[in-house]
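The values are calculated or read from the model by the stated rules, or taken from the named source; none is laboratory data. In this text, all values refer to a predicted model and were calculated from it rather than measured experimentally. Please note that ligands, DNA and RNA were not included when accessible areas were found on the heavy atoms of the full protein model with its side chains. Shrake-Rupley method; radii C 1.70, N 1.55, O 1.52, S 1.80 Å.
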Amino acid sequence: MKKDLGPLPAICPMPVLMVSAYDDDGTANTMSAAWWTISQMDKMVLMIDEDHKTTQNILRTRAFTVSLADRKNLAPADYVGIVSGNKVPDKFARSGLHAVKSGRVNAPVVEDFPITMECELAEVVRTETMFAIVGRIVNVLADEEVVGEDGKIDIGKTELLVFDQFTWNYNVVGGKVSKVGQAGKELKRS
């Protein structure tokens, strides 16, 4: 029997994203974000508050990067998520993270995280109930140690952080259980 839990954001787990953009003076700023989605093969949608420092930076520069946080960078990833750039202007420096300028967009690439998407601002969506940033992914950067022999990212090598919205805990991505389209093959034949 199922138990009634009321309204909850029950999509779980969600990868922990690190959204980065430049401040007015060119200083790197980053925040963690848990609510987002992929839209088409080259778009991502960030559902983030309009008043975030990083959001305002994205609106001004029209560019940002999104990195996937990993286990070895748990403390800085958590820190930049619990401290506001509107209140602590040097939170990036305090986190111990390192940034370089993206080669494709006007935004910082956080060198510490294994995977980074370089994005251009494609659209801003404002409704009565939502504010969203839509980014066009122009390139993906990946550390060599997480790229398999086939040239694709091997998620099993990443230890990516995922946010558990039920318990407000961080977990890490586990191992592969099946290739897409293989587990249901027998059921499809019957």
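Below is a table of values for the structure above.
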read-out	value
3J(HN,Hα) from dihedral phi, the stretch 37-53, Karplus parametrisation 6.51/-1.76/1.60, rounded to Hz, x for glycine, proline	7, 8, 10, 6, 6, 10, 10, 9, 10, 9, 9, 10, 5, 5, 8, 4, 4
Å³ per residue enclosed by the Cα convex hull of the stretch 109-190	219 Å³
Karplus-derived HN-Hα couplings along the stretch 125-134 (A = 6.51, B = -1.76, C = 1.60, θ = phi - 60°), whole Hz, x at Gly and Pro	10, 10, 10, 5, 10, 8, 10, 9, 9, 9
J(HN,Hα) series, the stretch 179-184, from Karplus relation 6.51 cos²θ - 1.76 cosθ + 1.60, nearest Hz, glycine and proline x	7, 4, x, 8, 5, x
Rounded percent of accessible protein surface that carbon and sulfur make up, the chain, 1.4 Å probe	53 percent
Cross-link partners of residue 101 among lysines (Cα-Cα below 26 Å; sequence separation of 8 or more within a chain)	43, 53, 72, 87, 91, 152, 157
Inter-centroid distance (Cα atoms) of the stretch 1-48 relative to the stretch 101-117, Å	17 Å
Set of lysines with alpha-carbon distance to residue 2 below 20 Å, sequence-local pairs under 8 removed	none
Mean accessible surface per residue for the stretch 110-190, computed with a 1.4 Å probe while every protein chain stays in place, in Å²	68 Å²
